[in-house]
Amino acid sequence: LKEEVLKEIEGVKDPSSLNEIRVKYLGKKGVITSILKTLGTLPPEERKEIGQLANSIKEFLEEKIREYEENFKKKELEDALKREKIDVSLPPNWFDVGSPHPVLQTLKEITDIFLYMGFSVESGPEVEYEDYNFTMLNIPENHPARDMQDTFYLNNGMLLRTHTSPVQIRTMLKKKPPIAIVAPGRVYRKDLDPTHSPMFHQIEGLVVDQDITFRHLKGILKIFLESVFGKNIPIRFRPSYFPFTEPSAEVDIGCTVCGGKGCKVCKNTGWLEILGCGMVDPNVFTACGIDPTVYSGFAFGLGIERITMLKYQITDIRLLFTNDMRFNSQFKGIV
Ligand code: PHE
């Protein structure tokens, strides 16, 4: 019987079969229990011998069961530790990382190019004085840019700035030349169609020092445009007019899509209009207390959404502002 018991218990692989053996031998109706129960009916000589034998098997079995139980517990613990081990150094297999909006990515890219060239970054408020937004920038009272149809007017001579150019005024009022700044930020105009949004972003540039010429302007803009759109891209300066610069120009680059052959993006002209610029008008210097006979300078301004749309061939500006994740998530990790 002892051998039989030993054999059975050695074959045990899990706690439930261990329990089966316990019931089979030691349970109320178990083999050993019933032997012990019948002891009283046996003759005294046999009773002693069989009793001792049965008890020793019972003890042996109990001991074995305890041993096995302990082993099972130990193994369970070890397995659990193995299973639940956390390696904090492993990279997560799923991690939804957000990313800056494509407009902000472009803004940062452009700002960084100017920082690299030694410019510093200035900012101004979005709620601006009419004086800073228009008057001191040499935009006369009756100028169409002041029209109620374009400008969001507020009370008390305030408005939502229509461009970042008032930061030129703010900078020149508080700093003496030499000045080399860029000013990125939000601007507002009453405008809404596939390429215009009532809120959009511009970046303004201003350089003021003695002997600053149009050549400096051309050189800086060439470095900037080649950094964004690629080396040796065709660049064209077209005479234009802004009240706060004289002379003024608009800058075009060769179409990045058709390479100058003509397409929908450049409306078959081969050129894309990128920015406005010019030499700071003497009237603006005077308004800011800077002597135009001593100092000269240049300024430029461009729309960030437009650059973003050209870079990624986006044809509807609303895609930039509806915050559809299917759109936004395409710009992960570009910068
Ligand atoms: N402020 C002009 C605009 O909004 C751009 C510009 C800035 C032009 C600086 C010349 C100099 O269109």
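Quick check, is Glu69 touching a strand residue (DSSP E or B) at 6+ places or on another chain (Cβ under 6 Å), surrounded by 14 or more Cβ atoms within 10 Å (Cβ to Cβ) and farther than 27 Å from Asn323 by Cα? Step through it out loud before you land on a result.
Values: touching a strand residue (DSSP E or B) at 6+ places or on another chain (Cβ under 6 Å): no; surrounded by 14 or more Cβ atoms within 10 Å (Cβ to Cβ): yes; farther than 27 Å from Asn323 by Cα: yes.
Spelling it out, it is not the case that Glu69 is touching a strand residue (DSSP E or B) at 6+ places or on another chain (Cβ under 6 Å), surrounded by 14 or more Cβ atoms within 10 Å (Cβ to Cβ) and farther than 27 Å from Asn323 by Cα.
In segment 271-298, what count of residues is obtained for those that are within 11 Å of the ligand (Cβ to nearest atom) and under 13 Å from Asp209 (Cβ atoms)?
The qualifying residues number 4.
Could you please give the count of residues in segment 255-268 that are surrounded by fewer than 20 Cβ atoms within 10 Å (Cβ to Cβ) and either within 16 Å of the ligand (Cβ to nearest atom) or under 32 Å from the mean Cα position of the chain (by Cα) (or both)? Reasoning before the result, please.
Filtering segment 255-268 down to residues surrounded by fewer than 20 Cβ atoms within 10 Å (Cβ to Cβ) leaves 256-265, 267-268.
Narrowing the set further to residues that are either within 16 Å of the ligand (Cβ to nearest atom) or under 32 Å from the mean Cα position of the chain (by Cα) (or both) leaves 256-259, 264-265.
Residues meeting the conditions: 6.
So Arg236 fits all but one of (1) more than 13 Å from the ligand (Cβ to nearest atom); (2) under 30 Å from Glu130 (Cα atoms); (3) part of a strand (DSSP E or B); what number is the exception?
(2)
Just for helices (runs of 4 or more DSSP H) wholly inside segment 269-335: which have at least 2 residues that are open to solvent by less than 10 Å² (accessible area, probe 1.4 Å), modelled with pLDDT of 90 or more and closer than 28 Å to Met172 by Cα? Walk me through how you get there before you give the answer.
Numbers: elements: 282-287, 304-312, 325-328.
Per the criteria, 282-287, 304-312.
What single numbered condition from (1) more than 14 Å from the ligand (Cβ to nearest atom); (2) touching a Lys or Arg at 6+ places or on another chain (Cβ under 9 Å) fails to hold for Asp193?
Looking at each condition in turn, Asp193 falls short on (2).
Does segment 144-190 hold any residues that are open to solvent by 20 Å² or more (accessible area, probe 1.4 Å) and in contact with a helix residue (DSSP H, G or I) (Cβ under 6 Å, 6 or more places away or on another chain), and which are they?
Gly157, Pro184
The values are calculated or read from the model by the stated rules, or taken from the named source; none is laboratory data. The structure displayed is predicted, hence computed values, not measured ones. Quick reminder, even Gly has a Cβ in these numbers, built from the backbone with ideal geometry, and neighbours come from all protein chains shown. Side chains are part of the model used for accessible areas, which takes the heavy atoms of the whole protein and leaves out ligands, DNA and RNA. Shrake-Rupley method; radii C 1.70, N 1.55, O 1.52, S 1.80 Å.
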